[in-house]
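Reviewing the structure listed below.
The values are calculated or read from the model by the stated rules, or taken from the named source; none is laboratory data. As the structure is a prediction and not an experimental result, all values here were calculated from the model. Glycine also receives a Cβ, built like all others from the backbone with ideal geometry; neighbour counts cover every protein chain displayed. Remember, those area values only see protein heavy atoms, side chains included, never the ligands or the DNA or RNA. Shrake-Rupley method; radii C 1.70, N 1.55, O 1.52, S 1.80 Å.
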Amino acid sequence: MTDATTRAASLLKEHRASIDRLDAIIVYTLAERFKHTQSVGRLKAEHDLPPSDPAREAVQIERLERLAREADLDPEFARKFLNFVIAEVIRHHETFQS
């Protein structure tokens, strides 16, 4: 291997280690988020509130798109991601209502 190839392999290893750490942060952050949304779902079920809140969801999507732009992340990707998370949260809330 050339020096340039060795250096590239070293940089690749460093980037992958950072990506692995960030993936762990994402997983633990999502777990914490879902602990709170499950508590919200139980609270909604106890008080006979609807499992979804379209007005809040719209505000949250706008907020996340703005944050994505500020972070130089594709806002469309951020919106799709949040819509996926919201759908999972609503699904969980609906199970508490059963």
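Among the residues of region 26-49, those identified as open to solvent by less than 100 Å² (accessible area, probe 1.4 Å), assigned to a helix (DSSP H, G or I) and free of Cβ contacts under 8 Å to residues at least 12 places away in the same chain are 26, 27, 29, 31, 32, 39, 43.
All conditions in (1) surrounded by 12 or more Cβ atoms within 10 Å (Cβ to Cβ); (2) among the polar types (S, T, N, Q); (3) over 17 Å from the mean Cα position of the chain (by Cα); (4) in a helix (DSSP H, G or I) hold for residue 52, with the sole exception of (4). Tell me yes or no: at least one residue of region 5-23 is within 23 Å of residue 97 (Cβ to Cβ) and of a type outside the set (A, V, I, L, M, F, W, C). Scanning region 5-23, I find no residue that is within 23 Å of residue 97 (Cβ to Cβ) and of a type outside the set (A, V, I, L, M, F, W, C), so the answer is no. Residues in region 56-98 that are open to solvent by 50 Å² or more (accessible area, probe 1.4 Å) and either farther than 24 Å from residue 45 by Cα or assigned to a loop (DSSP other than H, G, I, E, B) (or both): 16 in all. Only one of the numbered conditions (1) in contact with a helix residue (DSSP H, G or I) (Cβ under 7 Å, 6 or more places away or on another chain); (2) modelled with pLDDT of 95 or more is violated by residue 45, and that is (2). Residue check: is residue 9 over 21 Å from the mean Cα position of the chain (by Cα) and touching a residue at least 40 places away in the same chain (Cβ under 8 Å)? Taking the combined requirement at face value, the residue does not satisfy it.
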